[in-house]
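To start, the structure under review is shown below, and the notes come after it.
The values are calculated or read from the model by the stated rules, or taken from the named source; none is laboratory data. All of these numbers come straight from a predicted model, not from anything done at the bench. Glycine gets a Cβ as well: all are built from the backbone with ideal geometry, and neighbour counts include every protein chain shown. Ligands, DNA and RNA are excluded from the accessible area calculation, which covers all protein heavy atoms including side chains. Shrake-Rupley method; radii C 1.70, N 1.55, O 1.52, S 1.80 Å.
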Number of protein chains: 2
Amino acid sequence: MTNYQKLEARFRQISALEDLRSIAGWDEAVMMPAGGGPSRGRSLSELGTIIQNLSTEPQLKDWLEGAEGETNQFNDWQKANLREMRRIYLEQTAIPVELNQKLILARMTCEQKWRQLRAKNDWAGFLPHLQELLNLTREMYQGLSKVFGLPVYDTALNMYSRGLNEKIVETLFTRLRSELPGLIESVLAKQKHEHVIFPLGEFPMHAQKTLGLELMQAVGFSMDHGRLDESHHPFCGGTPRDVRITTRYNQNEFVSSLMGVLHETGHALYEQHLPEAWLGQPVGSSAGMSIHESQSLFMEMQVCRSREFMEFAFPYIERFMGPHMDNKEALTPDNLHKLVTRAKRGLIRVDADEVTYPAHVILRFEIERDLLLDKWPLKELPTVWNEKMKGLLGLSTLGNDKNGCMQDVHWPSGAFGYFPAYTFGAVIAAQLFKALESQIPDIRQKIGKGDLASVRQWLNDQIWSQGSLYSTQELVEKATGPLSADPFLNHLNKRYLNAH
Amino acid sequence: MTNYQKLEARFRQISALEDLRSIAGWDEAVMMPAGGGPSRGRSLSELGTIIQNLSTEPQLKDWLEGAEGETNQFNDWQKANLREMRRIYLEQTAIPVELNQKLILARMTCEQKWRQLRAKNDWAGFLPHLQELLNLTREMYQGLSKVFGLPVYDTALNMYSRGLNEKIVETLFTRLRSELPGLIESVLAKQKHEHVIFPLGEFPMHAQKTLGLELMQAVGFSMDHGRLDESHHPFCGGTPRDVRITTRYNQNEFVSSLMGVLHETGHALYEQHLPEAWLGQPVGSSAGMSIHESQSLFMEMQVCRSREFMEFAFPYIERFMGPHMDNKEALTPDNLHKLVTRAKRGLIRVDADEVTYPAHVILRFEIERDLLLDKWPLKELPTVWNEKMKGLLGLSTLGNDKNGCMQDVHWPSGAFGYFPAYTFGAVIAAQLFKALESQIPDIRQKIGKGDLASVRQWLNDQIWSQGSLYSTQELVEKATGPLSADPFLNHLNKRYLNAH
């Protein structure tokens, strides 16, 4: 075996074990009874140690160095695979074992404390736990920063979206900061006079689930390679050949859950179509979280919240929700489309519409960057949050940390550097849709008929089949040209203000 | 660390990984979409290799030898734990790696072929696969036989019920062979004139599930440490702190599923009450399959199919099944008790009642013992099966191998030596109940009120809390005196013939 072949065998082994970890994680969130927690924790920690050892053994270094001498006959996939292997190995070994153990413990503790203390709006009690985790995370990023020769915050961004850096984010966000406030103002003013009918009724979970299953399959989800279940926080988990998406149901309101299912379906389609030949290898996995979010938001925002898709979805909604609706006049494609494009300033990111969502992300970006660079003490977080929230959306979170700086699980679980991926996802999704429409001019008519075959084919060619061959920007650029905020802003203007 | 402490750490590690394997196995049977199969297979094979390596590393031999010198301060649990560790290590290392790999492959192939070919009643097509597996299994047992200094079939019995041997089985089965045919005859003659009303109706799965959940909790199942789901073949899986039981539902008949749930609950209670302090160590696991079956049959046969339990269960059945029943006259405790004690000669073991069940086991015991000793060619199996079936139950399986020698998954999955555990379970259950009744004379009245606290306390003291401290017979003997067929035969006589 060549060195490269040894590496492939090792990463195949690691991937097979990661798959088990992923299924066990899904099980924990969806199936496990509470009393199974402690022993599950021990099992996952044992598996984690084994995976960690397999990823950091000294012989990997020899194989990586040896493989450098074998690249003259490599194709692009093999070259990219070796690049990814090296990156993973460096990431894994750059963090000292002791720091890593402290981080695992601190993440677990901080997330558990967050669950308890957020409910009690107890920032003071939560602060020391977040402080501890922030310190350790900063130390980790400082270490990685040296190994990869990148600034600290760029290292954090790279952890979730390969190739992203502060300058790119700042450029995009500067544009959004200047354009969005006016746009939000206009959208809200326009919608104020719109007549929307909110569907009233009790919508049984079983009927909502059937509706979700019908539409997720209609847009392309393969039930032979996945499932739909319920969990407290919706997510897309499992493995590429067995994708597990979840949602939650509210008996009084079915639109949020349905759109949530279609959002996760966007993630799932990406996973289900990753290149078969490279599954189990680093280059066969997705191209990072910005691209992943672009796929879920492409499906949710570009396709499923469009006026055309509502034409297609309407008979399904009528069939499964109609019998439970008290005000049947809410049941028109037009009214349903108004419902799924309703904008509102709010405190909670996960409840935000696509017009106000970037404000939530910009706020978090500015804060987490400062925190990683230790620009101001963590104890000021509630004050800073409140000020930025007032500036961006005109809302106060004073004394309401539960719905302010304590609302998200990301920081309490150590995910500093993740948030920009949401808005990059939205911007990339709009840019992809624009490119698709320029190549297939009648794509909206097709969507109106529920004919998404050409949408899937195009996404497959441009994104899904590419695994992590390219960095975030390379991938976008190859598909659509340089990354720009224009398509996203045009999309919002067109959808919400009928402007062209 | 002492050698013994090193062993404890290693077995704790193995157990944590076995727990994951168990949850992944449950997921495969209950949750996984079909398309997830191949990648799940790779994941489980990878995990299996890791567990195998952890269990057979040469340093374990050193630790085991070293630990022998440390036993002077051991308590009984530590001594038994070391004994179990040694047994497991010997079992794992006695089988040559190459043979083991062939066995894993042959089991998988044979079970898959069995699923396809049983449906087609194709014995000729199935024979070569079973032959291959039988040969390899015989070779394995021959190897183990030398290591443990036991006859070949005793080695097979020991694999599933520690301490059991052919002589003990033969003694018990000789008694049953002589007593049961007459008993079956009398029971069937008596029941011929009994008036039983079979409940008619369509019983929704959801209502059946609710009934099952209510009654399994009433007898003591902790939902904080377990779940109830559906699967094609009912089983009890998961881990001691997270026990997953399954059942299947038939819309036209609810009694089988309900009794199945209560049977699996018997298994589950044992697992949920294994000694907390020794979980993760060999001595903390159950005392083998005969004892395990005794716990499920204790719950199902001794407790739940009793006239007294039906008094307690009746209001539950009335509440959840009543609304779906066309002939409400079937709804009396008396009639329901007749239903759950109905006997019938049949071809299928899993459908058999407790009176005819031992005949199915005796047949399989006689055959598998011969097969492991190569007494006659495997190709004669259908003929031998048919002859024994005619002799034991007066039924022919000629040309009906699907419901004859191809009906069970055990041999196709390599489990030669398992079957006697079912009848030992039934016999032990009766003996345990007799002992319990002699110590708590009003136990039947308590059962009639659904007050099972003292049943559980007694089983916990005698069986559950003992882990695998003792062998099958030692455990029974400590709780109730020497193993005997009398309590079982008395139980059948009393329940089915009103004899005392």
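Whenever a residue of the range B:487-500 is assigned by TED's automatic domain parsing to the domain that holds B:R307, its partners that are of a type in the set (G, A, S) and in a helix (DSSP H, G or I), lying with C-beta atoms within less than 7 angstrom and at least six residues away or across chains, give the pairs B:P487/B:A430; B:F488/B:A426; B:F488/B:A430; B:H491/B:A430; B:L497/B:S186. Modelled with pLDDT of 95 or more and of a type in the set (V, I, T), is that true of B:T155? Spelling it out, B:T155 is indeed modelled with pLDDT of 95 or more and of a type in the set (V, I, T). Applying the criterion of being assigned to a helix (DSSP H, G or I) and open to solvent by 10 Å² or more (accessible area, probe 1.4 Å) to the residues of the range A:360-382, the residue that is farthest from A:E170 (Cα to Cα) is A:K379.
The residues of the range B:208-255 that are over 20 Å from the mean Cα position of the chain (by Cα) and within 14 Å of chain A (Cβ to nearest Cβ), listed by number, are B:K209, B:L213, B:Q217, B:S222, B:M223, B:D224, B:H225. Of the residues screened, B:L258 is not one that is in contact (Cβ under 8 Å) with a residue 12 or more places away in the chain, within 30 Å of B:R138 (Cβ to Cβ) and more than 14 Å from chain A (Cβ to nearest Cβ). For beta carbons closer than 7 Å, sequence separation of 6+ or different chains, a first residue in the range B:359-370 that is without any contact (Cβ under 8 Å) to a residue 60 or more places away in the chain and among the charged types (D, E, K, R) and a second that is buried (at least 22 other Cβ atoms within 10 Å of the Cβ) and not in a helix (DSSP H, G or I), the qualifying pairs are B:R364/B:F419.
Of the residues B:L459, B:L469, B:L452, only one is buried (at least 20 other Cβ atoms within 10 Å of the Cβ) and over 30 Å from B:E170 (Cβ atoms); which? Show your work before the answer.
Details: B:L459 fails: over 30 Å from B:E170 (Cβ atoms); B:L469 fails: over 30 Å from B:E170 (Cβ atoms).
Matching residue, one of B:L459, B:L469, B:L452: B:L452.
The set of residues from the range A:131-172 being open to solvent by less than 30 Å² (accessible area, probe 1.4 Å), farther than 21 Å from A:L381 by Cα and part of a helix (DSSP H, G or I) comprises A:M140, A:G143, A:L144, A:S145, A:D154, A:T155, A:V169, A:L172.
No other residue among A:W385, A:W411 is open to solvent by less than 50 Å² (accessible area, probe 1.4 Å), over 30 Å from A:P240 (Cβ atoms) and among the aromatic types (F, W, Y) apart from A:W385.
Please verify whether A:S39 is closer than 20 Å to B:L54 by Cα, crowded, with 16+ Cβ neighbours inside 10 Å and away from every other protein chain (no Cβ under 13 Å), treating the condition exactly as stated. Even if it seems obvious, please write down each step before you answer.
On the way: closer than 20 Å to B:L54 by Cα: yes; crowded, with 16+ Cβ neighbours inside 10 Å: yes; away from every other protein chain (no Cβ under 13 Å): no.
In short, no.
How about the range A:229-284: which of its residues are in contact with a Ser or Thr (Cβ under 7 Å, 6 or more places away or on another chain) and among the small types (G, A, S)? Hits for the range A:229-284 are A:S231, A:G237, A:G238, A:S257, A:G260, A:G266, A:G280.
Evaluate the range B:68-75: report whether one residue or more is crowded, with 17+ Cβ neighbours inside 10 Å and not acidic (D, E).
No, because not a single residue in the range B:68-75 is crowded, with 17+ Cβ neighbours inside 10 Å and not acidic (D, E).
Hey, among A:L331, A:L279, A:L297, which residue is within 22 Å of A:E202 (Cα to Cα), open to solvent by 10 Å² or more (accessible area, probe 1.4 Å) and out of contact with any Leu (no Cβ under 8 Å at 6 or more places or on another chain)? Being within 22 Å of A:E202 (Cα to Cα), open to solvent by 10 Å² or more (accessible area, probe 1.4 Å) and out of contact with any Leu (no Cβ under 8 Å at 6 or more places or on another chain) holds for just one of A:L331, A:L279, A:L297, which is A:L331.
Looking at A:L7, A:L90, A:L64, which is the one that is more than 14 Å from chain B (Cβ to nearest Cβ), in contact (Cβ under 8 Å) with a residue 40 or more places away in the chain and either buried (at least 19 other Cβ atoms within 10 Å of the Cβ) or within 30 Å of B:V243 (Cβ to Cβ) (or both)? Quick ask: steps written out before the conclusion?
Details: A:L90 fails: either buried (at least 19 other Cβ atoms within 10 Å of the Cβ) or within 30 Å of B:V243 (Cβ to Cβ) (or both); A:L64 fails: either buried (at least 19 other Cβ atoms within 10 Å of the Cβ) or within 30 Å of B:V243 (Cβ to Cβ) (or both).
It is A:L7.
Among the conditions (1) of a type in the set (K, R); (2) buried (at least 24 other Cβ atoms within 10 Å of the Cβ); (3) free of Cβ contacts under 8 Å to residues at least 24 places away in the same chain, the only one that A:R244 does not satisfy is (3). When A:E91, A:E65 are checked against the criterion of being more than 27 Å from A:L130 (Cβ to Cβ) and among the acidic types (D, E), A:E65 stands alone in meeting it.
Do the conditions hold for A:L211, that is, is it touching a residue at least 12 places away in the same chain (Cβ under 8 Å), out of contact with any His (no Cβ under 8 Å at 6 or more places or on another chain), open to solvent by less than 10 Å² (accessible area, probe 1.4 Å) and in a helix (DSSP H, G or I)? Reasoning before the result, please.
Working: touching a residue at least 12 places away in the same chain (Cβ under 8 Å): yes; out of contact with any His (no Cβ under 8 Å at 6 or more places or on another chain): yes; open to solvent by less than 10 Å² (accessible area, probe 1.4 Å): yes; in a helix (DSSP H, G or I): yes.
For A:L211, the condition - touching a residue at least 12 places away in the same chain (Cβ under 8 Å), out of contact with any His (no Cβ under 8 Å at 6 or more places or on another chain), open to solvent by less than 10 Å² (accessible area, probe 1.4 Å) and in a helix (DSSP H, G or I) - is met.
Residues of the range A:12-34 that are modelled with pLDDT under 95 and at the interface with chain B (Cβ under 7 Å from one of its Cβ atoms): A:A34 alone. Residue pairs whose Cβ atoms lie under 8 Å apart, separated by 6 or more positions or on different chains, with the first residue in the range B:385-413 and small (G, A, S) and the second exposed (fewer than 15 other Cβ atoms within 10 Å of the Cβ) and modelled with pLDDT of 95 or more, are B:S396/B:K390. Does the range B:69-77 contain at least one residue that is of a type outside the set (D, E) and within 14 Å of another protein chain (Cβ to nearest Cβ)? Scanning the range B:69-77, I find no residue that is of a type outside the set (D, E) and within 14 Å of another protein chain (Cβ to nearest Cβ), so the answer is no.
Of all residues in the range B:252-273, how many are assigned to a loop (DSSP other than H, G, I, E, B), surrounded by fewer than 23 Cβ atoms within 10 Å (Cβ to Cβ) and touching a helix residue (DSSP H, G or I) at 6+ places or on another chain (Cβ under 7 Å)? Don't jump to the end; show me each part of the working.
At the first step, the residues of the range B:252-273 found to be assigned to a loop (DSSP other than H, G, I, E, B) are B:252, B:254, B:273.
Pick out the ones that are also surrounded by fewer than 23 Cβ atoms within 10 Å (Cβ to Cβ) and you get B:252, B:273.
Going one step further and asking which of them are touching a helix residue (DSSP H, G or I) at 6+ places or on another chain (Cβ under 7 Å), we end up with B:273.
Number of matching residues: 1.
How about the range A:187-205: which of its residues are of a type outside the set (A, V, I, L, M), surrounded by fewer than 15 Cβ atoms within 10 Å (Cβ to Cβ) and part of a helix (DSSP H, G or I)? Quick ask: steps written out before the conclusion?
Filtering the range A:187-205 down to residues of a type outside the set (A, V, I, L, M) leaves A:190-195, A:198-199, A:201-204.
With the extra rule that they be surrounded by fewer than 15 Cβ atoms within 10 Å (Cβ to Cβ), the set shrinks to A:190, A:192-195, A:198, A:202.
Answer for the range A:187-205, where residues must be of a type outside the set (A, V, I, L, M), surrounded by fewer than 15 Cβ atoms within 10 Å (Cβ to Cβ) and part of a helix (DSSP H, G or I): A:K190, A:K192.
Over 24 Å from the mean Cα position of the chain (by Cα), of a type in the set (A, V, I, L, M, F, W, C) and more than 14 Å from chain B (Cβ to nearest Cβ): is that true of A:A156 in this structure? Here the answer is no, as A:A156 does not meet what is asked. Close Cβ contacts (under 6 Å, 6 or more residues apart or on different chains) running from residues in the range A:420-446 that are polar (S, T, N, Q) to residues that are in a helix (DSSP H, G or I) comprise A:T423/A:P358; A:T423/A:V361; A:Q431/A:T480; A:Q431/A:P487. Taking the range A:51-108 as the range and being more than 23 Å from A:W278 (Cβ to Cβ) and among the small types (G, A, S) as the test, the residues that pass are A:A94, A:A106.
The residues of the range A:105-123 that are surrounded by 16 or more Cβ atoms within 10 Å (Cβ to Cβ) and either closer than 14 Å to A:A415 by Cβ or assigned by TED's automatic domain parsing to the domain that holds A:Q407 (or both), listed by number, are A:A106, A:R107, A:C110, A:E111, A:W114.
Does A:S294 satisfy the condition of being more than 14 Å from chain B (Cβ to nearest Cβ), within 12 Å of the chain's Cα centre (by Cα) and small (G, A, S)? Criteria met by A:S294. Residues in the range A:398-409 that are closer than 16 Å to A:D351 by Cβ and touching a helix residue (DSSP H, G or I) at 6+ places or on another chain (Cβ under 8 Å): A:K402, A:G404, A:M406, A:Q407, A:D408, A:V409.
Comparison of B:R319, B:R244, B:R342 shows that the only residue that is assigned to a loop (DSSP other than H, G, I, E, B) and closer than 28 Å to B:F203 by Cβ is B:R342.
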